[in-house]
């Protein structure tokens, strides 16, 4: 009998050790790929020449059909050889080639089949080779990425998801981001009708209600993977199905985001309120973009935007507010070896050297700034 007890004890010990090892492995698996220490009080002087090998400014065609409105600052993407811009002011999507020539406009405003009521976001579906748009009324519509953009399909998003403001296509599904729903991020598979809460991201509904959110979309694509940025903390997660895997986190010391200092009763803090709060804690992160070597981020601190550039290869971090040339910078859309930033002329003058600006029109349109990384 004692030998049986000894064997049972041994079996229990082995099982316990196995469970502990399994737990350790799981813990290790959720550690972020990069953990970056940042001293926000130690900004540096850095030249554009240190950041980019080359800067080009491409004026967009200045004709009635091509003009962009003030709402076009944050929602644009570069696909193949086209610039795609969401123009909320006239409920349309405008297309330009990368020489700045207007190529057409997708305008399907209405209530009929293949029409939308209110555009909130645009994306490119690589598998379907389509332009997908998010309609605030709860629909995703797809149009062919060619010719006069013929209509392909319309999907009705499950009613459980409220206040959708951004989305990202992923193989057979979509990531849906809400500014109001308690489940901020969900993964939707239309074919199987599955709607899943994405597991692993912080509970930020309270923070977002107080205005702590990214300026544009919280999504970006790097090396064909989709990443999600938490606006208040700047944490970055790689999205795999309904799981969010930690990718990058920032240690801002005593200036790290503190959710208890956010007034949850505010339904949309003004920029002045955010600037006031930024004196004691940094946030929100307005944009994060990534290349094979670098991570670009911009965070509100002490009432102004601070740029953080993290070199993944050398584990070195650079901070600056303006360049040595006195110019501003904000991360744009990364495509291949280039970063693109869309801006009206008055803002472009603060972003690039004067000698790079040349307008052939007395009433110029937006310009596309092209940085060679």
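The values are calculated or read from the model by the stated rules, or taken from the named source; none is laboratory data. Predicted, not measured: the structure shown is a model, and the values here were computed from it. Because the Cβ atoms are built from the backbone with ideal geometry, glycine has one as well, and the counts that use them run over all protein chains shown.
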Could you tell me whether residue 340 is over 21 Å from residue 97 (Cβ atoms), assigned to a strand (DSSP E or B) and under 19 Å from the mean Cα position of the chain (by Cα)? no
So residue 280 passes all but one of these: (1) in a loop (DSSP other than H, G, I, E, B); (2) touching a strand residue (DSSP E or B) at 6+ places or on another chain (Cβ under 9 Å). Which condition number does it fail? (2)
Return the pair list, or none, for Cβ contacts closer than 9 Å from residues in the stretch 81-92 that are touching a residue at least 24 places away in the same chain (Cβ under 8 Å) and at positive phi to residues that are surrounded by fewer than 22 Cβ atoms within 10 Å (Cβ to Cβ) and in a strand (DSSP E or B), at least 6 apart or on different chains. 91/109
Which numbered condition residue 335 fails, given (1) touching a helix residue (DSSP H, G or I) at 6+ places or on another chain (Cβ under 9 Å); (2) touching a residue at least 40 places away in the same chain (Cβ under 8 Å); (3) within 19 Å of residue 73 (Cα to Cα): (1)
Can you pull out the residues in the stretch 90-107 that are closer than 24 Å to residue 155 by Cα and either out of contact with any strand residue (DSSP E or B) (no Cβ under 7 Å at 6 or more places or on another chain) or in a helix (DSSP H, G or I) (or both)? 90
Kindly indicate which of 298, 365 is on the phi < 0 side of the Ramachandran plot, buried (at least 16 other Cβ atoms within 10 Å of the Cβ) and not in a strand (DSSP E or B). 365
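Return the only residue of 83, 77, 68, 41 being buried (at least 18 other Cβ atoms within 10 Å of the Cβ) and either assigned to a loop (DSSP other than H, G, I, E, B) or touching a helix residue (DSSP H, G or I) at 6+ places or on another chain (Cβ under 7 Å) (or both). I'd like the intermediate steps shown before the answer.
Values: 83 fails: either assigned to a loop (DSSP other than H, G, I, E, B) or touching a helix residue (DSSP H, G or I) at 6+ places or on another chain (Cβ under 7 Å) (or both); 77 fails: either assigned to a loop (DSSP other than H, G, I, E, B) or touching a helix residue (DSSP H, G or I) at 6+ places or on another chain (Cβ under 7 Å) (or both); 41 fails: buried (at least 18 other Cβ atoms within 10 Å of the Cβ).
Only one candidate qualifies: 68.
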For the stretch 279-319 the number of residues that are out of contact with any helix residue (DSSP H, G or I) (no Cβ under 9 Å at 6 or more places or on another chain) and within 29 Å of residue 260 (Cβ to Cβ) is 16
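Could you tell me whether the stretch 173-192 includes any residue that is part of a loop (DSSP other than H, G, I, E, B), surrounded by fewer than 21 Cβ atoms within 10 Å (Cβ to Cβ), modelled with pLDDT under 90 and within 16 Å of the chain's Cα centre (by Cα)?
Restricting attention to the stretch 173-192, the residues satisfying the condition of being part of a loop (DSSP other than H, G, I, E, B) are 179-184, 190-192.
Right, trim to surrounded by fewer than 21 Cβ atoms within 10 Å (Cβ to Cβ) and you get 179-183, 190-192.
Subset that is modelled with pLDDT under 90: 179-183, 191-192.
Next, from what is left, pick out any that are within 16 Å of the chain's Cα centre (by Cα): 179.
Within the stretch 173-192 (the criterion being part of a loop (DSSP other than H, G, I, E, B), surrounded by fewer than 21 Cβ atoms within 10 Å (Cβ to Cβ), modelled with pLDDT under 90 and within 16 Å of the chain's Cα centre (by Cα)), the answer is yes, since at least one residue qualifies.
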Return the residues of the stretch 307-336 that are within 17 Å of residue 368 (Cβ to Cβ) and either in contact with a strand residue (DSSP E or B) (Cβ under 6 Å, 6 or more places away or on another chain) or assigned to a strand (DSSP E or B) (or both); say none if nothing qualifies. 329, 330, 331, 332, 333, 334, 335
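Scan the stretch 240-271 residue by residue and report those that are over 25 Å from residue 38 (Cβ atoms) and at pLDDT 70 or above.
240, 241, 242, 243
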Which of the residues belonging to the stretch 193-204 are over 22 Å from residue 248 (Cβ atoms) and at pLDDT below 80? 193
